[in-house]
Structure formats: structure tokens, C-alpha cells
Amino acid sequence: MNTTSVSPAEWSGEEPARAEPLRKVLVWDAPVRVFHWLMVLSFAGAYLTAESERWRLVHVTLGYTMAGLVAFRVVWGLVGTRHARFASFVRGPAAIAAYLWGMVQGRPKHHVGHNPAGALAIVALLGLAAVVTAAGWANYNELGGDWVKELHEGVANAMLAVVGVHVAGVLVGSWMHGDNLIGSMLTGRKAGRPEDAVRSAWRIVAVLMLMAVMGFWLFQWQAAPAWGTPAGVSAHSRDQDGDDD
């Protein structure tokens, strides 16, 4: 499907802009998309269950899931497809400022992959997720005292704020570029030239990631105490108590 052509002022590729229609091409591989939505689910679930003792295992499980996802994204950012690599979208302050100024003027440059402002949000979210999960692990294992708990809560709130800014940026960017950025993270396709497309969706990597996450969740579920059983009492412990009777 053809999309509206982009003017030279709006195109950010290394080559000069071409006065030709852009097409929907595959930009986001399957691992990037699966990572994105698993992070959304894990962070939202962990944040909503943070204050509930009954849902503590869910909170911890989703926190550990986030840590694993961050580790995967760092590796994929080094060896993944072209638009997934950090080298393709992480830019310095000048590029970020130029992109934001373009948004203020109503003429932001079009980027096939992540734009500089979105890239900043992604790097910030990865860093915050690493800190919040490390602090959560320490707090769960009663290491470090109250300051670790406060750090965990503070970073989680900071992460929520960055998520809010990121979502707002996605909505504004979608409107200004006339490109559904949320939909592209579902389909993997954005407006671009044929040479901008990635060659493979790498679905097998996405499937393996899903299997690993689901397997971890199943393991945690099997080790969970029965509903109404105090936290820390495992199913194995209950079985032993039953055998003693």
C-alpha cells in the first residue's frame, strides 16, 4: 500500500530524499515486537501489584521477567536486525534537540526506525528497568535496608513517568507523521523505501523468547503457595505437613 511521499525536510535518511511514494515495509522484527509488548505487560502488572501482599509472587515474577527481557534487548541491540541495533538509532544531544525543534515547528524529520527522542526514551526505560529490578531483588531478599525499598519505589515511579512521556510522544509523532506508530509495533511495518526493510522477521527467536517467558511463569506458578496460604509456604512444604499428619 502506498503512502504519502515525504518532503526533503521531513526525511532523515543518509541519502537525499526522493520524490517517490513510500510503501509499508517491514521495519520491526518479531523479537522487537514481542519484547515490546511483554515489557508493557510485565511493567503494568508489576506496578499494579506492587502494594498487594496477596499478589506478591506475581509482582516478583513479572519483575524477574523484566530483567530477563532487558538482558535480551541489550543482546539484540548488538546483534539484531538493522533497526533493532542501538547503533542505528541512539543519537547524541544535538540530534535529539534538532528532532524536538522540528516537532515544535510542526515539521519533524521522518525516521524509518526510532527517532532520536524515542530512542532516548527507550534507553532510559532499559536503564530504569535494570535498576528497578535489581533493587526489587535486593528488597525481596531483605538486603540493603529501607533505602533499597525506597529506591525501588522511586525508580518505578520514574519509569512510569518516562512511559507516560513516551506514549505521548508516540501519539504526537503518529499524528505529525501520519503514520500509526502503535500499529507498526503490532505489524512491524512502517512507511519507508524497499531498501529500508529488514530481510527477515526472525520469528523463531520471538517464539523461543515467548517459550522461555511462559516456561518461567509456569515454573513460578507451580512453586506458588495455595490461595490463602501465607507467603513463603510452598506447595512442597504443604505436602510434607500433610505427610506428617
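Pull up the cross-link candidates among the lysines for K109, meaning alpha carbon to alpha carbon under 28 Å and not fewer than 8 places away within one chain.
Straight-distance partners of K109: K24, K190.
Taking 0.36 nm per intervening residue step and subtracting the Cα-Cα distance, what contour gain separates L100 from I204 on full extension?
Contour length minus the Cα-Cα distance gives 33.8 nm.
If you average over every viewing direction, what projected area does the convex hull of the Cα atoms of the range 157-213 give, in nm²? Intermediate results must be reported in sequence, preceding the final value.
Values: hull surface 22.6 nm².
The number I arrive at for the range 157-213 is 5.7 nm².
How many times 2.2 N^0.38 Å is the alpha carbon radius of gyration of the range 47-193?
Values: Rg = 17.5 Å, N = 147, 2.2 N^0.38 = 14.7 Å.
Against the empirical 2.2 N^0.38 Å value, I get 1.20 for the range 47-193.
Tell me whether the range 43-122 comes out rounded, prolate or oblate; compute the Cα gyration tensor, take square roots of the eigenvalues as a ≥ b ≥ c, and use a/c under 1.5 as the rounded threshold.
Working: a/c = 4.00, a/b = 1.87, b/c = 2.14.
Judged from the Cα gyration tensor, the range 43-122 comes out oblate (a/c at least 1.5, b/c at or above a/b).
Would you mind ranking M211, M103 so that the residue whose beta carbon has the fewest other beta carbons within 10 Å leads the list? Mind dumping the intermediate values first?
Working: M211 10, M103 16.
With the fewest neighbours first, M211, M103 line up as M211, M103.
Using the Karplus curve 6.51 cos²θ - 1.76 cosθ + 1.60 with θ = phi - 60°, work out ³J(HN,Hα) for each residue of the range 51-57 in order, rounded to whole Hz, and write x for Gly and Pro.
Each residue's phi maps through the Karplus curve to give 9, 9, 5, 5, 9, 4, 5 Hz.
Taking a spot 7 Å from the Cα of L160 along the direction of its beta carbon, which residues of the range 46-87 have an amide N less than 15 Å from it?
The answer is 46-52.
Set the Förster radius R0 to 45 Å, insert the Cβ-Cβ distance between S174 and A224 as r into 1/(1 + (r/R0)^6), and round the FRET efficiency to 0.05. Mind showing how you got there, number by number?
On the way: r = 40 Å, r/R0 = 0.88.
The value I calculate is 0.70.
With θ taken as phi - 60° and the coefficients 6.51, -1.76 and 1.60, list the Karplus ³J(HN,Hα) couplings across the range 153-158 in order, rounded to whole Hz; mark glycine and proline as x.
5, x, 5, 4, 5, 5
Over the range 84-234, what is the relative contact order in percent, taking alpha-carbon pairs closer than 8 angstrom and at least six residues apart?
Values: 90 pairs, mean separation 25.0, N = 151.
Once divided by the residue count of the range 84-234, the mean separation gives 17 percent.
A short reminder: the numbers here are calculations on the coordinates, not readings from a lab. Predicted model, so just to flag it, every value in this text is computed and none were measured. Backbone-built Cβ (ideal geometry, glycine too); neighbour counts: all protein chains shown.
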